[in-house]
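Below you'll find the structure, written out as structure tokens, and then a few comments.
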Amino acid sequence: MLRLWVTHWITAVLLCRAVAQYSSDQCSWRGSGLSHESHRRDVEQVYLRCSQGSLEWLYPIGAIIVNLRPNTESSSGHMAGLHVCIKPYTYSQGSHVYLERAGDLRLLLAEVDQAQGTVHCFSLAEGVLFVEAIPQADISRRITAFQYELVPSQGPGAHMFPFLHPGEVTCKPCSDEELLLAVCTSDFAGSGIFQGVASGTNDHSPAVVTLSRLFRQKSGVFAWGGARGRSWSGRVNVPSQCGVHPGGDEYLLTGSVHFGEAWLGCAPRYKDFLKLYVRAWEMGTNPCQINTD
């Protein structure tokens, strides 16, 4: 009954009185339901065109439709390969989050689940976000808030991010081509050893790593210092079924950064990668150059 009512509401409101409001910086949006409190069935359109950002809806009333698109023109094939990942803030409440496509709603995140702060991903081709306020007499202290990222579902190490493919994470080694590309395009790439594994969840655990070389990194997830101030240290999330081996061999560690946390991608033994890299360098087929000294 609720779903039928909401679907009818979407159709009627979009035709009659949808309110358009654009993000000031095209990446993040902050608004208040009090701006149309007298029209509690208003649906507000929000347009965001960045690879990452946030949304904060104070005193939610009515509903908002969040249209997420990359900030560059893309072919339909590339768009189909993009996923949206959202991570609610633990204080988020006051709304349910649905996926809406052609008037059909699918619950993505209920209000009760938002306090867990768990990441949820879906294909950009599946629809737009429909954030529906929960009717209540007192809307004070109600804020719906989450971060979002646009994440490619293909590429080196993408199969290791558990929220993109729930229950389908594989720990298969990356191909030679994927390894050479990973060291050039990943959010971080370096060589080092696993020091240990901290407690995590059923899906993943954070591994403590020390890097003797850091070729590239995004968002400063690894800090300079460590033993005798000559190494980089940090944590990398590893899917539980993959496992790590503390100490011993040195690995090339590559991966992605999502919501400020590093996730492991391609990770061969460094000596094996070095042979591959030198061979590609001699043949002129390596996609970029790094300092391996």
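With a cut-off of at most 14 other beta carbons within 10 Å, and DSSP calling the residue loop, which GluC sites (Glu not before Pro) in the range 127-220 qualify? Please list them.
168
I'd like the distance separating the alpha-carbon centroids of the range 144-215 and the range 75-136, in whole Å.
Their Cα centres are 23 Å away from one another.
For residue 271 and residue 233, what does the FRET efficiency come to when R0 = 30 Å and r is the distance between their Cβ atoms, rounded to the nearest 0.05?
0.85
With +1 on each Lys and Arg Cβ and -1 on each Asp and Glu Cβ, how big is the dipole of the range 171-283 about its Cα centre, in debye rounded to the nearest 20?
It comes to approximately 380 debye.
Would you calculate the separation in nanometres between label points at residue 278 and residue 134, each defined as 7 Å from the Cα along the Cα-to-beta-carbon direction?
Computed distance between label sites residue 278 and residue 134 equals 6.1 nm.
When the chain is fully extended, how far beyond the present Cα-Cα distance does residue 202 get from residue 177, taking 0.36 nm per residue of separation?
Stretched out fully, the residue 202 to residue 177 stretch lengthens by 5.9 nm.
Would you mind getting me the FRET efficiency between residue 32 and residue 288? Use the beta-carbon distance for r and R0 = 41 Å, nearest 0.05.
It comes out at approximately 0.30.
Enter the mean projected area of the convex hull around the alpha-carbon atoms of the range 100-178, in nm², rounded to one decimal.
Mean projected area for the range 100-178: 7.3 nm², to one decimal.
For the range 63-162, which trypsin sites (Lys or Arg not before Pro) pass both filters: DSSP loop (anything but H, G, I, E, B) and at most 15 other C-beta atoms within 10 Å?
141
Take the alpha carbon gyration tensor of the range 153-240, find the square roots of its eigenvalues, order them as a ≥ b ≥ c, and report rounded if a/c is under 1.5; if not, report prolate when a/b exceeds b/c, else oblate.
Here the range 153-240 falls in the oblate category.
Quick check: pseudo-label points 7 Å beyond the Cα along Cα→Cβ at residue 165 and residue 102, how many nm apart are they?
2.7
In terms of modelled amide H atoms, which long-range or inter-chain residues lie less than 5 Å from the amide H of residue 258?
263
What distance in nm lies between label points placed 7 Å from Cα along the C-beta direction at residue 54 and residue 89?
Result for the modelled spin labels: 0.5 nm.
First check a/c for the range 83-134, with a ≥ b ≥ c the square roots of the eigenvalues of its C-alpha gyration tensor; if it is under 1.5, answer rounded, and if not, answer prolate when a/b is larger than b/c or oblate otherwise.
It comes out oblate by the Cα gyration axes.
Taken together, the values in this text are just the output of simple stated rules run on the coordinates, not laboratory data. As the structure is a computational prediction, the values presented were derived from the model and not from experiment. All Cβ positions, even for glycine, are placed from backbone atoms using ideal geometry, and neighbour counts span all protein chains on display.
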